[in-house]
Amino acid sequence: MAPLIEARDLTKKYGAHVALDRANLNVEAGRIVGLIGPNGAGKTSALRAILGLTNYEGHLTVLGREPFRDRTALMNECCFIADVAVLPSWLRVDHAIDFVAGVHPRFRRDRALAFLAKTQIAGNRRMRELSKGMKTQVHLALTMAIDAKLLVLDEPTLGLDILARRAFYDALVNDYMDETRTILITTHQVEEVENLLTDIIFIDKGRIVLDTSLDDVATRFVAVAVTADRLDAARAEKPYYERHILGKVVLYFENADPGKLAAFGELHTPSVSDLFVAKLSGGAA
Amino acid sequence: MNTSTWLIRREFWENRAIWMIPAVFGGLLILAALFGQVSIPKLTSPAEMHEAAAAFQVIVGAMFYVVMSVYATWYLLDCLYTDRRDRSILFWKSLPISDARTVLIKLLIGMIVIPLVYFAAADVTALIGAFILSIRARASLGSALWQPDVWWQIQVLWVYCVIATALWYLPIAGWLMLVSAWAKRAVMLWAILPPLVLYILERVFFGTQIIGHAITRRMMGLPYVAFNGAKHMWTQGSGVVDNGGVPVTVWHLINPSGFFTSAETWIGAAVGVVLILGAIQLRMRRSEI
């Protein structure tokens, strides 16, 4: 089966600035993919291209379509939340539901209403009268009621407090995700999403530096906490990154022989955030 | 209801001013009719009564038309800008609605729907106003303002005005929408500045005023192209009968054959179409500011 999102040499330039530099990536159906990168790495440009919000160079198909040319058709099967603050302030909650029900063939009103029934939000309220957390719930109700194959979330919890964030991700995993759906998510808060991701894509300076499933991460990457006396021997195995913590040195290895490394200290699989920092600071890998 | 109907409803949700401004303006005119000073010379001949009824409605309609022009200009300049500024464009773009449809619906609102709402409000205001004035000045007016044939003629005039205005001002509307889809701030400034700079540059470097004249002609030319000369204007004393002594009707006032065959009309419309296509392309490429 062809991948849900396929990008080959995807390039986006803003004048002299290259936001995406021949990026290649694949997203398979049924996955929850985190697109992770530092500020200005090209995350948003990549999402813009995938959602048909901008033109680009190179090859890109999403659900078998070219996003920029075919955005209208693509949005029948794909939906996105680009930061929750974007619902227009004058829009009433019930009007929002009526409108999306009117224009979206895959919107299921009963699902949106059931979701909203669990909240304290009255239908005749305007978005400007709602708190940020309430707006999130409305946006979620609208989005999750759409039978979309692909859901794209761009920094969805920006500006939300920790309770609202937790509620957001819980709803996402429990009420929304199933094997027919695919979620692509970007966020700065790596710790917050790493438990729900199945795949990670690291992006830096417009290039994809890592595109892998979390299952592969466990076999491919290993971190060892080494005491000073064994450091030189461990360094001979070519770690790609070192981190000094409390008198110990944590060495990060890729595709190394775990049997050998076990001699230097206790092995563990690096967390996504560790991997992220290691990968982007270490550079060469 | 289909997608376009929903988009039209959405514009009414967002821009309540579409009907609130004419409602308030109509209310003020009615207050003026109720409490203003009324001094109307006694009307005697049927021709004078005819003239009074027509003039009354045309004056009310013209006042609404002026307010409408200002509001519609503002609407067109704002319509592709405000959702980029508050970032709600990202919500609208997450729905399966093409940018072409979005832009064309907003054009339809600005050029057809808003004028229709204003003329409907003008009709309601004129009816209520005529009722009030007929009572307050019953000695001189009598039933002069109640002339169904004049009323129907005026409706034809309104429809013609809406169509002619939309066609004639299409290049202006296209320009406003292009700026609205493009500018990152100060839409008003961007709408005015480029034509002004071109005008000045042309004057300084070539000593000519082709651009200035073209723009002035476009802004002011509609009455000359779409209507017959002042000799037939109801509002002027001599307009009750034309030179042949025939009572003037709306058919004498409007000049559709001239308007719809004028090259000026269609060249302008073609420029408008190009500008609107440009606005659609910008709408596809530009999202939030």
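The values are calculated or read from the model by the stated rules, or taken from the named source; none is laboratory data. Here the structure is a predicted model, which is why all the values come from computation and not from measurement. Because the Cβ atoms are built from the backbone with ideal geometry, glycine has one as well, and the counts that use them run over all protein chains shown.
Can you say whether A:Thr11 is hydroxyl-bearing (Ser, Thr, Tyr), surrounded by 16 or more Cβ atoms within 10 Å (Cβ to Cβ), more than 14 Å from the chain's Cα centre (by Cα) and not in a loop (DSSP other than H, G, I, E, B), as far as the supplied structure shows? Steps first, answer last, please.
On the way: hydroxyl-bearing (Ser, Thr, Tyr): yes; surrounded by 16 or more Cβ atoms within 10 Å (Cβ to Cβ): yes; more than 14 Å from the chain's Cα centre (by Cα): yes; not in a loop (DSSP other than H, G, I, E, B): yes.
Yes.
If we keep just the residues of segment B:81-109 that are in contact (Cβ under 8 Å) with a residue 60 or more places away in the chain and under 21 Å from B:Met20 (Cα atoms), which is nearest to the other protein chains (Cβ to nearest Cβ)?
B:Ile105
Conditions tested, residue by residue: (1) more than 13 Å from chain A (Cβ to nearest Cβ); (2) surrounded by 17 or more Cβ atoms within 10 Å (Cβ to Cβ); (3) part of a helix (DSSP H, G or I); (4) in contact (Cβ under 8 Å) with a residue 24 or more places away in the chain.
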site	(1), (2), (3), (4)
B:Gln57	yes, yes, yes, yes
B:Phe64	yes, yes, yes, yes
B:Val70	yes, no, yes, no
B:Ile112	yes, no, yes, yes
B:Leu116	yes, no, yes, yes
B:Ser140	yes, no, yes, yes
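Report the residue count in segment A:38-47 for those that are within 12 Å of chain B (Cβ to nearest Cβ) and either in a loop (DSSP other than H, G, I, E, B) or crowded, with 23+ Cβ neighbours inside 10 Å (or both). Reasoning before the result, please.
Within segment A:38-47, the subset within 12 Å of chain B (Cβ to nearest Cβ) is A:44-45, A:47.
Pick out the ones that are also either in a loop (DSSP other than H, G, I, E, B) or crowded, with 23+ Cβ neighbours inside 10 Å (or both) and you get A:45.
Of the residues in that region, 1 qualify.
Would you confirm whether any residue within segment A:197-210 is modelled with pLDDT of 85 or more, out of contact with any Lys or Arg (no Cβ under 8 Å at 6 or more places or on another chain), within 14 Å of chain B (Cβ to nearest Cβ) and within 30 Å of A:Ala19 (Cβ to Cβ)?
No.
Counting just the residues of segment A:103-117 that are within 20 Å of B:Leu90 (Cβ to Cβ) and crowded, with 20+ Cβ neighbours inside 10 Å, which one comes out farthest from the other protein chains (Cβ to nearest Cβ)? Spell out how you get there, then give the answer.
Going through segment A:103-117, the residues within 20 Å of B:Leu90 (Cβ to Cβ) turn out to be A:103-104, A:106-107, A:112.
Those still in the list that are crowded, with 20+ Cβ neighbours inside 10 Å too: A:103-104, A:107, A:112.
Details: A:Val103: 5, A:His104: 6, A:Phe107: 9, A:Ala112: 14 Å.
The selected residue is A:Ala112.
Test A:Leu60 against the criterion of being touching a Pro at 6+ places or on another chain (Cβ under 8 Å) and either over 25 Å from A:Tyr169 (Cα atoms) or of a type in the set (Lys, Arg) (or both), and give yes or no.
Criteria met by A:Leu60.
Looking at (1) on the phi > 0 side of the Ramachandran plot; (2) at pLDDT below 90; (3) among the basic types (Lys, Arg), which is the only condition A:Lys43 fails?
Answer for A:Lys43: the failing condition is (1).
Among the candidates A:Val33, A:Val62, single out the residue that is more than 26 Å from B:Ser98 (Cα to Cα) and either more than 9 Å from chain B (Cβ to nearest Cβ) or not basic (Lys, Arg) (or both).
A:Val33
Being in a loop (DSSP other than H, G, I, E, B) and surrounded by fewer than 19 Cβ atoms within 10 Å (Cβ to Cβ) is the filter here, so list the residues in segment A:178-193 that pass it. Steps first, please.
Narrowing segment A:178-193 to residues in a loop (DSSP other than H, G, I, E, B): A:178-181, A:187-189.
Listed by number, the residues that qualify are A:Asp178, A:Glu179, A:Thr180, A:Arg181, A:His188, A:Gln189.
Please state which of the following conditions A:Gly102 fails to meet, knowing it meets all the rest: (1) touching a residue at least 24 places away in the same chain (Cβ under 8 Å); (2) in contact with a helix residue (DSSP H, G or I) (Cβ under 7 Å, 6 or more places away or on another chain).
The number of the failed condition is (1).
Just one of A:Arg128, A:Arg165, A:Arg111 is of a type in the set (D, E, K, R), in a helix (DSSP H, G or I) and under 23 Å from the mean Cα position of the chain (by Cα); which is it? Walk me through how you get there before you give the answer.
Working: A:Arg128 fails: under 23 Å from the mean Cα position of the chain (by Cα); A:Arg111 fails: under 23 Å from the mean Cα position of the chain (by Cα).
Exactly one of A:Arg128, A:Arg165, A:Arg111 is of a type in the set (D, E, K, R), in a helix (DSSP H, G or I) and under 23 Å from the mean Cα position of the chain (by Cα), namely A:Arg165.
Across segment A:65-102, which residue is farthest from the chain's Cα centre (by Cα) among those that are in a strand (DSSP E or B) and facing chain B (nearest Cβ under 9 Å)?
As a first pass, look at segment A:65-102 and keep what is in a strand (DSSP E or B): A:65, A:78-82, A:92.
Right, trim to facing chain B (nearest Cβ under 9 Å) and you get A:78-82, A:92.
Working: A:Cys78: 15, A:Cys79: 14, A:Phe80: 12, A:Ile81: 12, A:Ala82: 12, A:Arg92: 29 Å.
Only one residue tops the list, namely A:Arg92.
Collect the residues in segment A:137-166 that are farther than 28 Å from A:Ala73 by Cβ and surrounded by 18 or more Cβ atoms within 10 Å (Cβ to Cβ), keeping them in residue-number order.
Our first condition is that a residue be farther than 28 Å from A:Ala73 by Cβ; within segment A:137-166, this holds for A:137, A:157-166.
Within segment A:137-166, A:Gln137, A:Thr157, A:Leu160, A:Ala164, A:Arg165 qualify.
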